[in-house]
Amino acid sequence: MQKIFEGLNEEQRSAVEKVDGALLILAGAGSGKTKTITSRLAYLINEIGIPPAQTLTLTFTNKAAREMRERALSMIDTLSYPPLLCTFHKFGLLFLKFHIDKLGRKNNFVVIDGEDKKRIIKKINSEIAIPLVNSEISRYKNSLLTPDDAYKQAEGMLYQEVAKVYEVYEAYLLENNLVDFDDLLSLTYKLLNENEDLALQTSQKYQYIMIDEYQDTNELQLKLLQKLCSAHNNICVVGDDDQSIYGWRGANIRNILEFDQDFKDVSTIKLENNYRSTKPILECANKLIEHNRSRIGKKLIPTVAGNDEPITLSSNDENEESRQISSKIQKLLDSGVAANEIAILYRINALSRSIEEGLNRASIAYKLVGGLRFYDRAEIKDLISYLRVITNFHDDFSIKRIINKPKRGLGKATIDKVELEAMSRSISMFTFIESATLAELEALVKKKNASTLKAFVKDIRDVYEVSQEATYEFIDVLEEKFRLKDIYKNTAESDDKIANIDEFYALWRDFIKTSPESALDEFLNELTLQSEQDQVEGESIYLMSIHASKGLEFEYLFVIGMEEGFLPIVGDGCDLEEERRLGYVAITRAKRALTLSHVSSRFYKGRRTDLEKSRFFKESGLCQGSLTIQKSSSFRKGDLVRHKIFGPGRITAVTKAGKEFKLSINFAGTKRDILASFIEKL
């Protein structure tokens, strides 16, 4: 017992000891949630005597599952067999191995990975953007949509084609006894939903269920959990609504906000003591997140000593920003700070380019976490290959990379035939295509492909002519001719990919502006030096997106791109509250020192653009400004409230009404809209 409760505060101890019923542990950043959930598992097994086989603990990554398992097992005295502690998808795999035969399928199925999935899709239809089809099939499965359902909701020819690919893809998996990553959950739910006895039996088997990072669950995972709790109500979820930042990949914040509506008789325990960051950093985070309305509400309470105020770093542009940050990091390193205690975060991956170059110039080693270096990204390699071909028609390696990007209907067989014929004549592929007559090409490849090849080399030649001027507009002509951004439109990563392309185009314009007499080949040479520079061996600082930083912590933290349009991203389709949660996550990664950086202008979407300082500076109390602050309502959907005349009721919606909040309330069947200042909580 002493081992389990050692180091737990009062709230953590209460969470550990609350055994029966539905429990929401609202765990703030740095509040010891992993310690709490693993201690609770150990308490159930070691002190209460719950058989390990009757517990089920689910999380999202294998790394988290391993860490939690090791921590829990270290607190348990004797154990004949370990509890099931794994990812959602691992649970689905184990479940299907036992029960997939009930769907008329064999249990010796093979799980395909993401690359296998893309290869199958490409084999079915290589004309549609593979990333688009890939993400749509995942969306269909997580929404429990069949191919017929996908056909019915398809808008336009493109999505009808995607639905057709989905139908053929599903038939292929079935015929070859394959399942993909999404099937591990969708088929598990299908089995439980269609077999009431199986759902009851499975729920009785797992009497105590715990879920980590509950704010990251999607609709399908919620439905699955409800099936697993059909025989009892013993579900404990741990999460933080203020750190829900994966809405773009299906996570639904309402799962944690409305947990008390999905499960009955819910108890809530808040973990607010923060064991990571100093008081000034936490004050900054608390003030920022208070502006969100869709939250349960809590405050991070500091327990760590330190009074260094967060620093606001101002620069004229991204180049000055990278110089200033590199200089500050070098001073930290010279003072003896370990490199791996320093990190730079950004909201948009394209922002890493200028910081990478600044660190390279300062000879500061860095590691890019959760992504490729800017010049190693596929879309940037494609662009560089286009430029190489424009400067050197005989670069067959680059020709082969871009000849079918964007899709021109040129398959591998066609490209191989052209390459072999060019080799037999001892000339380059470009020279062969350009010099051969149309009739010669048609004798080698399909008529349509022959015309396509001719058009391709003509376009390359046209852009080459423009490049001889090395004008500011050259890059516009390149994009107009080849429409490289269109490759990534309507895909899951479209915003990042297109932002990276725009960043590259901006790099060209900046080069021409500073070196107007230089040529395209000199620009390419500069890129080669940047992209192939050897990194200093040894310890490295970290560069990563805010999304990739979740769960990590650093003594010294820099957040760049704190401008309107970058953090937060603004405009149609953006979720300002999720953007604010991203800012909150970024701030709460810092342990001792926090620097928030903004610039007056950046190259943005291919043009240098004047930028406004992020509203988050004002909202977090770091500066004064002209932006209005939107205070949060203490009321939320589902709350029981009382009106002095209408009596008790339940809130069905909360909306902004000027400086007030309007509450839609159901008073015993009568619905009324009342201003929040006239209502009290029950």
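The values are calculated or read from the model by the stated rules, or taken from the named source; none is laboratory data. Owing to the predicted nature of the structure, the values given are computational and were not obtained by experimental measurement. Note: ideal-geometry Cβ built from the backbone for every residue, glycine included; neighbour counts use all protein chains shown. Accessible surface areas use protein heavy atoms only, side chains included; no ligands, DNA or RNA. Shrake-Rupley method; radii C 1.70, N 1.55, O 1.52, S 1.80 Å.
Of all residues being assigned to a helix (DSSP H, G or I) and among the aromatic types (Phe, Trp, Tyr) in region 230-282, which is most open to solvent (accessible area, probe 1.4 Å)? Just the residue, please. It would help to see each step written out before you state the result.
If we filter region 230-282 for residues that are assigned to a helix (DSSP H, G or I), which is where we start, we get 241-243, 247-249, 254-257, 259-262, 279-282.
Checking which are among the aromatic types (Phe, Trp, Tyr) leaves us with 248, 259.
Details: Trp248: 156, Phe259: 1 Å².
So the residue we want is Trp248.
Among the residues of region 557-591, which ones are surrounded by fewer than 21 Cβ atoms within 10 Å (Cβ to Cβ), more than 17 Å from the chain's Cα centre (by Cα) and in contact (Cβ under 8 Å) with a residue 24 or more places away in the chain?
Correct list: Glu564, Gly565, Lys591.
Among the residues of region 452-463, how many are free of Cβ contacts under 8 Å to residues at least 60 places away in the same chain and in contact with a Leu (Cβ under 8 Å, 6 or more places away or on another chain)?
Within region 452-463, residues that are free of Cβ contacts under 8 Å to residues at least 60 places away in the same chain and in contact with a Leu (Cβ under 8 Å, 6 or more places away or on another chain) number 3.
Find the residue count for region 1-49, including only residues that are within 26 Å of Arg581 (Cα to Cα), open to solvent by less than 20 Å² (accessible area, probe 1.4 Å), in contact with an Asp or Glu (Cβ under 8 Å, 6 or more places away or on another chain) and not in a loop (DSSP other than H, G, I, E, B).
4
Restricting to region 190-229, name every residue that is under 21 Å from Ala53 (Cα atoms), open to solvent by 20 Å² or more (accessible area, probe 1.4 Å) and not charged (D, E, K, R).
If the condition is that a residue be under 21 Å from Ala53 (Cα atoms), open to solvent by 20 Å² or more (accessible area, probe 1.4 Å) and not charged (D, E, K, R), then Leu200, Gln201, Gln204, Tyr206, Gln207, Tyr208, Gln226 are the ones that fit.
For region 469-514, enumerate the residues that are among the polar types (S, T, N, Q) and within 22 Å of Ser126 (Cα to Cα).
Step one: list which residues in region 469-514 are among the polar types (S, T, N, Q), which gives 471, 490-491, 494, 500, 514.
Hits for region 469-514 are Asn490, Thr491, Ser494.
Results for (1) polar (S, T, N, Q); (2) within 30 Å of Ser601 (Cα to Cα); (3) open to solvent by less than 70 Å² (accessible area, probe 1.4 Å); (4) not in a helix (DSSP H, G or I), shown as yes or no for each residue.
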site	(1), (2), (3), (4)
Ala413	no, no, yes, no
Ile433	no, no, yes, no
Leu453	no, no, yes, no
Glu517	no, yes, no, yes
Asp521	no, yes, no, no
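Output the number of residues of region 438-451 satisfying the condition of being surrounded by 15 or more Cβ atoms within 10 Å (Cβ to Cβ) and either within 18 Å of Lys407 (Cβ to Cβ) or without any contact (Cβ under 8 Å) to a residue 12 or more places away in the chain (or both).
Final tally of qualifying residues: 5.
Only one of these conditions is not met by Ala154: (1) of a type in the set (Gly, Ala, Ser); (2) open to solvent by 30 Å² or more (accessible area, probe 1.4 Å); (3) farther than 20 Å from Leu220 by Cβ. Which number is it?
Going through the list (1) of a type in the set (Gly, Ala, Ser); (2) open to solvent by 30 Å² or more (accessible area, probe 1.4 Å); (3) farther than 20 Å from Leu220 by Cβ, Ala154 breaks only (2).
Got a number for residues in region 473-515 being over 25 Å from Phe393 (Cα atoms) and not in a helix (DSSP H, G or I)?
5
I'm trying to understand the selection: among the residues of region 290-308, which are modelled with pLDDT of 95 or more and in contact with a Phe, Trp or Tyr (Cβ under 8 Å, 6 or more places away or on another chain)?
Result: Thr303, single match.
Name the residues in region 421-431 that are open to solvent by 50 Å² or more (accessible area, probe 1.4 Å) and of a type in the set (A, V, I, L, M), would you?
Met423, Ile427, listed by residue number.
If we scan region 534-556, do we find a residue that is modelled with pLDDT of 90 or more, under 23 Å from Tyr375 (Cα atoms), out of contact with any strand residue (DSSP E or B) (no Cβ under 9 Å at 6 or more places or on another chain) and not β-branched (Val, Ile, Thr)?
Yes, there is a match, as at least one residue in region 534-556 is modelled with pLDDT of 90 or more, under 23 Å from Tyr375 (Cα atoms), out of contact with any strand residue (DSSP E or B) (no Cβ under 9 Å at 6 or more places or on another chain) and not β-branched (Val, Ile, Thr).
Picking from Val418, Val389, which residue would you name as being closer than 29 Å to Gln468 by Cβ, among the β-branched types (Val, Ile, Thr), open to solvent by less than 10 Å² (accessible area, probe 1.4 Å) and out of contact with any Asp or Glu (no Cβ under 8 Å at 6 or more places or on another chain)?
The conditions single out Val418.
Only one of (1) touching a Leu at 6+ places or on another chain (Cβ under 9 Å); (2) open to solvent by 20 Å² or more (accessible area, probe 1.4 Å) is not met by Pro52, so which one is it?
Every condition holds for Pro52 apart from (2).
What number of residues in region 172-203 are farther than 21 Å from Leu220 by Cα and at pLDDT 95 or above?
Of the residues in region 172-203, 0 are farther than 21 Å from Leu220 by Cα and at pLDDT 95 or above.
Have a look at Leu185, Leu144 and point out the one that is within 24 Å of Gly114 (Cβ to Cβ) and outside any helix (DSSP H, G or I).
Matching residue, one of Leu185, Leu144: Leu144.
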